[in-house]
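Novice: To start, I am sharing the structure in question, which I have written as structure tokens.
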Amino acid sequence: MTAAHDSFLQPVQRSHTAGDFSREEVGLANRNSGMPLEALRHDVTPAGMHFLLIHFDVPFVRSADEWRVELSGCVRNPLSLSVAEIQKLPARTLRVTLECAGNGRANLVPRWQTQPWEYGAVGTAEWTGTPLRHLLERAGLNESAVDIALLGADRGFDAGREHDYGRSLAPALAMDDNVLVAWAMNGSPLPPQNGFPLRLVVPGWYGMASVKWLKRIEVLAESFDGYQQAGNYIYRQKRGEPGVPVSTMRVKSLMAPPGIPDWYTRHRVVEAGPVELMGRAWSGGGVPVANVAVGVDGVWSEAALDPPQGEYAWRGWRYRWDAVLGEHVLQCRATDKNGTTQPLDPPWDNVGFGNNAVHHVHVTVR
């Protein structure tokens with residue numbers, strides 16, 4: 001590559017801002033779709049409404065028949081497996097809520113200039129696949145195995161570094177029966193944008209761990225140093241800090257918007273009288289949701305919880321509101337079984353990871 005090309009690929013200097021969204025931010029928002037919040041009414045998010053975060057390009061895969069997953073490194077039996085061979089391994093289906101670690105960063109002031117998620121970077125699907133451990137057991141991990149890198153077919157530049165999108169899992173987590181190499185979403189083959197023909201699903205973790213278009217598995221004798229593991233997805237108060245790696249999802253809840261919207265502002269208009277408010281709540285690492293409180297103009301009441309949908313799936317909540325004329329602010333706030341409650345204000349992170357502050361919905365009652 002020539003020096004001219006090298007200079008062209010230098011990373012754009014971004015910063016924190018409280019101003020308008022840049023053209024690049026708008027472009028990212030057009031590529032990476034959030035779940036419309038009215039889809040919270042679905043127990044399982046329809047595939048076309050599930051959020052998407054695609055770091056580089058959607059790989060063009062002509063046929064699943066041509067796809068192979070290579071497994072190498074600190075193993076006794078390196079493997080090259082077709083999709084059909086993987087599908088013959090023991091399979092299971094799990095209902096899993098996935099949320100992007102950056103969900104809510106657009107609500108921080110100032111915000112870091114990147115994908116400007118507001119609330120919709122979340123969804124719940126039924127994923128069918130085989131536990132990753134079945135592939136690892138066939139390969140046979142050596143005693144020297146320290147980390148397991150999982151790499152997708154999507155390649156590009158981030159912070160000036162060219163790489164395949166990849167993450168890693170510690171062997172103990174990789175061998176968990178709930179970590180899937182998935183080939184189906186909601187009972188159908190994965191859509192191209194969701195990782196066709198194979199992807200990883202790591203329940204309870206933010207979505208960055210669930211590598212799409214899974215192509216290579218490398219068992220390493222040292223920690224994986226890929227950019228998306230060692231340079232990105234790290235909680236930091238300011239640039240340059242070593243920070244703490246992003247891992248399991250923080251407790252959170254969202255409200256399905258009541259009433260009807262204004263087209264441009266999305267402001268809600270609700271008729272006076274009884275209104276059923278509803279939404280979903282979840283927490284990470286398989287920790288159940290214990291309760292959800294609903295705030296109306298700062299006065300909090302407990303909501304009723306729907307039956308659980310599974311260890312790693314969101315839980316529905318409902319609350320009857322007697323709406324009176326005027327302007328109102330509605331909120332929802334979840335607490336999990338560990339006693340952790342959503343904060344009222346966004347927790348600060350340098351690039352906006354892990355914002356689980358309460359959801360605010362402004363409504364006009366007529």
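Novice: Show me the strands (runs of 3 or more DSSP E) entirely contained within segment 64-113 in which 2 or more residues are within 22 Å of the chain's Cα centre (by Cα) and crowded, with 18+ Cβ neighbours inside 10 Å.
Specialist: Once the strands (runs of 3 or more DSSP E) in segment 64-113 are filtered for at least 2 residues that are within 22 Å of the chain's Cα centre (by Cα) and crowded, with 18+ Cβ neighbours inside 10 Å, what remains is 92-99.
Novice: Which of the residues belonging to segment 22-48 are touching a Gly at 6+ places or on another chain (Cβ under 7 Å), closer than 13 Å to residue 117 by Cβ and part of a loop (DSSP other than H, G, I, E, B)?
Specialist: 34, 35
Novice: Further question on the same structure: Could you list, ordered by first residue, the pairs with Cβ atoms under 7 Å in which the first is in segment 158-176 and farther than 30 Å from residue 91 by Cα and the second is hydroxyl-bearing (Ser, Thr, Tyr) and modelled with pLDDT of 95 or more, at least 6 apart or interchain?
Specialist: 158/227; 159/227; 161/227; 163/227
Novice: Need pairs with beta-carbon distance below 6 Å; first residue among the hydrophobic types (A, V, I, L, M, F, W, C) and within segment 290-318, second outside any strand (DSSP E or B); sequence gap 6+ or separate chains.
Specialist: 290/337; 292/303; 294/303; 317/303
Novice: Taking residue 33, is it out of contact with any strand residue (DSSP E or B) (no Cβ under 6 Å at 6 or more places or on another chain), of a type outside the set (Val, Ile, Thr) and surrounded by fewer than 18 Cβ atoms within 10 Å (Cβ to Cβ)?
Specialist: Judged against the criteria, residue 33 is a match.
Novice: Something else: I need the full set of residues from segment 146-158 which are out of contact with any Phe, Trp or Tyr (no Cβ under 7 Å at 6 or more places or on another chain) and surrounded by fewer than 21 Cβ atoms within 10 Å (Cβ to Cβ), in order please.
Specialist: Within segment 146-158, 146, 157 meet the criteria.
For every residue, the table says whether it meets (1) at pLDDT below 95; (2) surrounded by fewer than 18 Cβ atoms within 10 Å (Cβ to Cβ); (3) touching a strand residue (DSSP E or B) at 6+ places or on another chain (Cβ under 9 Å).
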| position | (1), (2), (3) |
| --- | --- |
| 215 | no, no, yes |
| 238 | yes, yes, no |
| 241 | yes, yes, yes |
| 248 | no, yes, yes |
| 259 | no, yes, yes |
| 277 | no, no, yes |
| 293 | no, no, yes |
| 299 | no, yes, no |
| 312 | no, no, yes |
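Novice: Tell me which residues, restricted to segment 49-67, are acidic (Asp, Glu) and under 19 Å from residue 114 (Cβ atoms).
Specialist: Scanning segment 49-67 gives a single hit, 57.
Novice: So residue 268 passes all but one of these: (1) under 15 Å from the mean Cα position of the chain (by Cα); (2) touching a residue at least 60 places away in the same chain (Cβ under 8 Å). Which condition number does it fail?
Specialist: Among (1) under 15 Å from the mean Cα position of the chain (by Cα); (2) touching a residue at least 60 places away in the same chain (Cβ under 8 Å), residue 268 violates only (1).
Novice: If you don't mind, another one. In the set 197, 189, which member is surrounded by fewer than 17 Cβ atoms within 10 Å (Cβ to Cβ), touching a residue at least 60 places away in the same chain (Cβ under 8 Å) and under 20 Å from residue 90 (Cα atoms)?
Specialist: 189
Novice: List every residue pair whose Cβ atoms sit under 8 Å apart, with the two residues 6 or more apart in sequence or on different chains, where the first one lies in segment 326-348 and is surrounded by fewer than 16 Cβ atoms within 10 Å (Cβ to Cβ) and among the acidic types (Asp, Glu) and the second, anywhere, is in a strand (DSSP E or B) and at pLDDT 95 or above.
Specialist: Correct list of pairs: 327/362; 327/363; 327/364; 327/365.
Residue-wise test of (1) more than 19 Å from the chain's Cα centre (by Cα); (2) closer than 21 Å to residue 284 by Cβ; (3) in the same structural domain as residue 66 (by TED's automatic domain parsing); (4) of a type in the set (Val, Ile, Thr).
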{"position": "154", "(1), (2), (3), (4)": "no, no, yes, no"}
{"position": "159", "(1), (2), (3), (4)": "yes, no, yes, no"}
{"position": "163", "(1), (2), (3), (4)": "yes, no, yes, no"}
{"position": "178", "(1), (2), (3), (4)": "no, yes, yes, no"}
{"position": "196", "(1), (2), (3), (4)": "no, no, yes, no"}
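Novice: If a residue has to be aromatic (Phe, Trp, Tyr) and either assigned by TED's automatic domain parsing to the domain that holds residue 204 or more than 22 Å from residue 328 (Cα to Cα) (or both) to count, how many in segment 224-269 make the cut?
Specialist: Count: 4.
Novice: Additional query: Among residues belonging to segment 114-128 that are in contact with a Ser or Thr (Cβ under 8 Å, 6 or more places away or on another chain) and more than 20 Å from residue 250 (Cα to Cα), point out the one that is surrounded by the fewest Cβ atoms within 10 Å (Cβ to Cβ).
Specialist: 126
Novice: Go through segment 150-189 and count every residue that is out of contact with any Gly (no Cβ under 8 Å at 6 or more places or on another chain), among the aliphatic types (A, V, I, L, M) and closer than 15 Å to residue 215 by Cα.
Specialist: 1
Novice: Out of curiosity, is residue 316 crowded, with 19+ Cβ neighbours inside 10 Å, farther than 20 Å from residue 43 by Cα and at pLDDT 95 or above?
Specialist: The answer is no for residue 316.
The values are calculated or read from the model by the stated rules, or taken from the named source; none is laboratory data. Since this is a predicted model, take the numbers as computed values, not measurements. Cβ coordinates were reconstructed from backbone atoms using ideal geometry, including for glycine residues, and neighbour counts include every protein chain displayed.
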